[in-house]
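Each reported figure results from applying straightforward, stated rules to the coordinates on display, with no laboratory input. Everything quoted here is computed from the prediction, not taken from an experiment. Ideal geometry is used to build each Cβ from the backbone, glycine not excepted, and the neighbour counts take in all protein chains shown.
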Amino acid sequence: MRKFSLSAILLVSLWACETHQAPSAEAYQAALDSTRVAKPEISQEVITDILQQIPSPLEISVLLKESGTAYNQAMLNDPQKTSVYNTNYEKAINLGIYGTDLGYTNIYEQNQDAIFYLNSIKELADELSIGQFFDFGTIKRLATNSSNLDSLLYLTTKNFNNINAFLQDQKRSNLSILILTGGWLEALHITCQVAEKNPNNKVLIERIGEQKMIMDNIMLLLSFYSESNSSMAAYMKELQPLADAFGKVEIVHTYAEPTFVEVDGMLVVQDNSTSEVIMSPENLKEIASHTQSIRKNIIK
Amino acid sequence: MKKVFVTFSFLAFFLFAGNVANAQCSASELADNCITQLGDGFNFVKSFPVDGEGGGKNKIEYSYVFAKGTEYSINLCTDGDTADGIVVSLYDSNRRKLTTNAANGKIFKGLRYNCNSTGIYYITFTFDGSSTHCGGSVLGFKR
C-alpha cells in the first residue's frame, strides 16, 4: 500500500516537471534572496502587458547601421566589468545593457566583440540562475560565422525573451523590468551618442524623442515596486530626472485611414497616420546628459 | 486500498486530461517554428502563441511599440496551409482598428505594416470558423 502511494506521488511529481532544465531550488533561492519583495499592488498580467511593449534594442542598432553610422565599440560598456556588479539588481540591469551591446555587435557583424559580450552575459546570467535559458554554445558557434547572422539574432532575441518570460512566471518581474530597463537605456545612450555627432540626422533625434513613451512605461513599472522594495525605488529615483526631461517632449499624432494592397499573397498595409515629435535642442541635450550620467552610475 | 485507488484515479484523470489538453494545441511550438515564415530582411522580435483553448477563449491580445519608418511583419502559422480562421487585427493606441488579415474575401496568413506613426499597437487574434483554435505568430521588423 505504502509503495503504491509513494509511486503515485513520484508519478505525480514527474508529471508536474517542466521540460526545461530549471536550476535547483536552493540555487534559485540563493540567487533571488536579495531580490525578494512584497507583491506589487498590481496584477502580474498588467506588468507582463506593459513589459512586452518595450521595443527590441535591435531596432536602434539596425537603424544606425542602415543610416551608414560606423561601428564604435567605445560607446559600449566594458565587457570585463562583470565582477563589479554585486547585487542581483546590478547584475540584472547590466545584463540588459550587455544584451543591447551584444545585439549592436551582432548587427555590425563584429564577431570577436560579440564573443566578449556573450561571455559577460553568460557570467551574469549564471549568477542570476537564468543561464540555462541562454544557448551559449550555439550562439558562440553562430557568432563566429557572419553568414549565420539571421540565426544568431533570432537565437539571442529568443533567449532573452525566454529569460523574461521565466522571470515573470516566477513572479520575479522586478528583475525582468531591470533587464529591459538596462537594454533600453543602453540603446538610448548609443542613439544619443550618435545623434550628438550627427546633429542633422532628424530620424535619430525623432527616435530619441519617441522614447518618452517607453520612459513612461518604465517609470510606471518601477512605481509598482517602489513602495515595497528600496532598490527598485532607488532606480526610480535615479531615472526621475530623465523622466522629467522626457516630460517636456510632445508627440502629436494625426490619424488617417490606412490603405492596403496584396503583394505576392501577403497583405501589405500602408499606415497613413503620422506622428511628430516636438522637442527643443536644449531638451535633447538635457535628455542626452541625464542618459549619460544615469548610465555611468549603473555601469560603474 | 479502495480509498487510495480512487484518489489516485482521480489525480491521474486530471493530470492526464491536462496533458491531453496541452497536446491539443502546441501554440508555443507553432509560434517558434513560424520564424521561417518571416520574409527576407525581417528581424525576429517576438513570438506569440495563439491558443484559443479549443474555443474557450475567443480573443488573445499582445502589444508592442511600433516605430515610424519601420516595416513590421506579422506572420501566422497553423498546423495546415491556411490561417484556419485565425484573424489577426491591428489596433492603434486609441484602440482604433487599423487593419486585419481578413481582406478581399479571404484570410491571409499574415500582414505587413509600414508604420508611419510611432506608438503602442495592439495585436489581437480572434477566431472566425476556426477548426483548431490553435496557432502561432511571429513579429518581425525591417527598415
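For the stretch A:196-275, which GluC sites (Glu not before Pro) are both in a DSSP coil and crowded by at most 16 other Cβ atoms within 10 Å? Don't skip to the answer; put the middle values down first.
On the way: sites: A:E196, A:E206, A:E210, A:E227, A:E238, A:E250, A:E262; in loops: A:E227.
Sparse-neighbourhood loop GluC sites (Glu not before Pro): A:E227.
For chain A, build the charge dipole from Cβ charges (+1 Lys, Arg; -1 Asp, Glu) around the Cα centre, then report which of A:M232, A:L64, A:V84 sits farthest towards its positive end.
Farthest towards the positive pole: A:V84.
What is the mean number of Cβ atoms from other protein chains located within 10 Å of the Cβ atom of each residue in peptide A:268-281, rounded to a whole number?
Numbers: counts 8, 14, 7, 14, 4, 8, 4, 7, 3, 2, 0, 0, 0, 0.
Across the residues of A:268-281, the mean count of other-chain Cβ atoms within 10 Å is 5.
What is the spin-label model distance, in nm, from A:K140 to A:N72 if the labels are put 7 Å beyond Cα along the C-beta direction?
A separation of 3.2 nm, rounded to one decimal place.
Please go through the stretch B:32-88 and write out the trypsin sites (Lys or Arg not before Pro) that DSSP classes as loop and that have at most 16 other C-beta atoms within 10 Å.
Working: sites: B:K46, B:K57, B:K59, B:K68; in loops: B:K57, B:K68.
Answer by residue number: B:K57.
Dipole magnitude of the stretch A:235-300 about its Cα centre, charges +1 at Lys/Arg Cβ and -1 at Asp/Glu Cβ only, in debye to the nearest 20?
About 720 debye.
State, as an integer percentage, the relative contact order of the stretch B:26-142 based on alpha-carbon contacts under 8 Å between residues 6 or more apart. Spell out each step's value before the answer.
Numbers: 296 pairs, mean separation 51.9, N = 117.
Relative contact order comes out at 44 percent.
Counting C-alpha atoms alone, how compact is chain A: give Rg to one decimal and Dmax as a whole number, in angstrom.
21.2, 80
Using a Förster distance of 56 Å, how high is the FRET efficiency between A:S280 and B:N58, based on the Cβ-Cβ distance and rounded to 0.05?
Numbers: r = 47 Å, r/R0 = 0.84.
My answer for the efficiency is 0.75.
Quick one: putting +1 on the C-beta of Lys and Arg, -1 on the C-beta of Asp and Glu, what dipole do you get for the stretch B:26-142 around its Cα centre, in Debye to the nearest 20? Don't skip to the answer; put the middle values down first.
Numbers: 11 positive and 12 negative charges, 118 e Å.
So the dipole magnitude of the stretch B:26-142 works out to roughly 560 debye.
What FRET efficiency comes out for A:V261 versus A:K296 if R0 is 45 angstrom and r is the Cβ-Cβ distance? Round to the nearest 0.05. Mind showing how you got there, number by number?
Values: r = 48 Å, r/R0 = 1.07.
My answer for the efficiency is 0.40.
Once you keep just the Cα pairs under 8 angstrom separated by 6 or more residues, what percentage relative contact order results for the stretch A:152-300? Walk me through the intermediate numbers first.
On the way: 131 pairs, mean separation 31.6, N = 149.
Relative contact order comes out at 21 percent.
Output the 0 to 90 degree angle, nearest 10, between the alpha-carbon long axis of helix A:212-226 and the longest principal axis computed from the alpha carbons of chain A.
That works out to roughly 30 degrees.
Pairs of Cα atoms under 8 Å, at least six residues apart: use those to get the relative contact order of chain A, whole percent. Mind showing how you got there, number by number?
On the way: 330 pairs, mean separation 57.2, N = 300.
After rounding, I find 19 percent.
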